[in-house]
Amino acid sequence: MAPPVSPISTVATVAQAATAAASTLLRSSPAPAPNGLPRWLASLITHAATLAVLPTLPYAVVQHALYRPKQPLKVWLIAHLLRNRSNLAPILEACYSEEEAASAAFKPILPFPKGIWDDVACEVVSIPPAPEDWAPVRAVELPAPVVAATRPGFLLTPARAEKEAHRLIIHCHGGGYTRGHPLWTPLGAKLARDTRTPVLAVQYRKCVTAATAFPAPLLDALAAYHYATDTLGYDAQDIVLAGDSAGGHLALAVLQMLVRAAQPLPRGVALSSPWGDLTFSHPSIWHNSYVDYLALNAGKAVVASVARHYTPAAVRGPLLSPALAPAGTWRALRRTAGRVAQGAGEGQGQGGDGAGTRVFIQVGSGEGFYDEALALAQTMRGDGVCVTVDTEEGGLHCGALTGFLGGEAYARFAEGTARLLQGGPRESMSIPQVAERALRLL
C-alpha cells in the first residue's frame, strides 16, 4: 500500500508545476522587435507621414457623407488623420530621459482645464522597487534583461479632499506601453479634483527596448501599489485601480498578480477603453478600423515590442490578453480582505460592505477595443464579479480623455469611479454631485 501523500507536499508540487508551466511562456531570448527611434527622427517621420495623409482628407469627407457615421465630421477627419498617419509610419519613440519622466511640467497632448492646478496639488515622489520577497513580485516571471527600478510617481491631491474617507486612486496612463506620461492628459488630475480623492500615478517604463519591455511596466505598477500600501499607509480596500487603454491592461495585470499571490484586493477597478486582446482576434478591431483613430499597423508593431519576451501561447494567455481569459480567472475578485463574498452580483456593495472588488468599464461602440471590453466584462460576470459597463454610443477610443463627442463620457467615467470609491457611511458626496461637478468644470 502506497504511503499517504502529505497535503503540504501536494500543494508544493502543484506550485512547482505552475511555476514550471509559467516559465515555458517566456522565450529563451527576445523575439526580433522594433526599438524606439531617436526622438528627433521619430518626430521627422511623423511629420512627413502627416503631410502625406493631408491630401486624403477630401476622400474622408466623401466617406462621411456616404456612410453617415455617428461621429461628427470634425471627429471623423481627426480620426482619419491620426489612424492613417500611424498606419503609414508605425514607429516607436525612444524612452523619455530621466528628467522628462520625472517632470511635472511635461508637455501634454491634451489641454488641461483652466485653473485645475488651483484645485489639485502635484507632488513628484520617488517609488522604489517593491521588495523581491513580496508575493506579487515573486509571482512575476522575469526574463533576463528585465530588472526592478526606482520610478517617479505623481501624487495628485485635491484641495477639497474627502477628509473622512481615506481613499486613493492609483492611475495607470495609456499610450500603448510605448508612449505616455502621468501628466500627458488631464485625466488623473480631473479625477482627483472631481472625486475629491488623491491620485497616485506612476511613470512606468515604456516597452521600446528589451530591458524595458513587458513585464517591466508591471514591476513598476506593482511598486506603486506597494508604495501606496506600505509608505502611504492605505489598506487594499481603500484603493481603486484606474487605467485607460494600455493603462487599463496594466491595472488588470496588477490585479492578476495580487490574485496569484493571494493578497488583499483593491476596492475597485475603473477602466477606460481597456486594451484586453494583444492578438487582435475580436471583430471590432477590424470592423471599426475605418472609424476609430487606433491604427492596426502601429498596433502590430507595438505588440511585437511589448511582448518580445513571451511566446505566442503567452500572448494569448490571461496576463497579456485578459479579454481571452478563461472562466474562473476573475473568481477571486469576489473576495475582499481575505473573505469570499457570497453571491457577489450586480449592484452589490464593496470594501467595507462585504462584497468583492467591483469593476467599472467604459468603452465606445465605435472603437477597436469595443468587443474585447464586452468579452472581458462577460467573463468577469460569469465569475460572479460585480461589473458595470458604460457604452458611449459612437464613441471612439478613450472618450473620457479625448472628449471627441463632448464631456459626458468623462463625467460618466468620473461618476463610475466615484461609485467604486463609495460604499459606506463615511462618504458624503453623492453620485449626482460628482457628475454635476465634473460637467460644470469641464
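Read-outs throughout are calculated quantities, based only on the coordinates presented, and are distinct from any laboratory measurement. From a predicted model like this one, the values you see are computed outputs, not experimental measurements. A quick note on method: Cβ atoms are made from the backbone with ideal geometry, for glycine too, and the neighbour counts reach across all protein chains shown.
Modelling each spin label as a point 7 Å along the Cα-to-Cβ direction, I'd like the E393/L41 distance in nm, to one decimal.
Result for the modelled spin labels: 4.8 nm.
I need the calculated FRET efficiency for the pair L142 and A104, taking r as the beta carbon distance and R₀ as 35 Å, to the nearest 0.05. Kindly include the intermediate steps, with their values, before the conclusion.
On the way: r = 31 Å, r/R0 = 0.88.
Plugging the Cβ-Cβ distance into 1/(1 + (r/R0)^6) gives 0.70.
For K74, go through the aspartates and glutamates and keep the ones whose alpha-carbon is under 20 Å away, minus same-chain ones fewer than eight residues off.
Counting by Cα, and skipping residues close in sequence, K74 has these aspartates and glutamates nearby: D292, E367, E392, E393, E408.
Could you tell me how far the Cα centroid of region 312-332 sits from the Cα centroid of region 40-110, in Å?
31 Å
Output the peptides 251-260, 185-194 sorted from most to least packed, where packing is the average of other Cβ atoms within 10 Å over each peptide's residues.
On the way: 251-260: 22.3, 185-194: 25.8.
Ranked by mean Cβ neighbours within 10 Å, highest first: 185-194, 251-260.
Lysines near K206 by alpha-carbon distance under 26 Å, same-chain residues fewer than 8 away left out - which ones?
Partners within reach: K107, K190, K300.
In nanometres, what is the gap between the two model label sites at N297 and Q378, each 7 Å from Cα along Cα-to-Cβ?
3.2 nm
R0 = 45 Å: FRET efficiency of S365 with R316, Cβ-based, nearest 0.05?
Working: r = 26 Å, r/R0 = 0.57.
Given R0 = 45 Å and the Cβ-Cβ separation, E is 0.95.
Contact order normalised by length for the chain, with contacts defined as Cα pairs under 8 Å and 6 or more residues apart; what percent is it? Don't skip to the end; give the middle numbers.
On the way: 917 pairs, mean separation 72.5, N = 442.
Computed value for the chain: 16 percent relative contact order.
Give, rounded to the nearest 20 debye, the magnitude of the charge dipole that the chain has about its Cα centre when Lys and Arg contribute +1 at Cβ and Asp and Glu contribute -1 at Cβ. Please list the in-between numbers first.
Numbers: 36 positive and 33 negative charges, 87 e Å.
In total the dipole reaches around 420 debye.
What order do you get for C398, C386 when you list them from fewest to most C-beta neighbours inside 10 Å?
Values: C398 30, C386 24.
Going from sparsest to densest Cβ surroundings: C386, C398.
Test of understanding: what is the full-extension gain from V124 to A65, defined as 0.36 nm times their sequence separation minus their Cα-Cα distance?
Values: separation 59, 0.36 × 59 = 21.24 nm, distance 4.80 nm.
Taking 0.36 nm per residue and subtracting the Cα distance, the gain is 16.4 nm.
If you work out Cα extents along the principal axes in Å from the coordinates, which of (1) 81, 53, 43; (2) 120, 67, 43; (3) 154, 56, 38 do you get?
(1)
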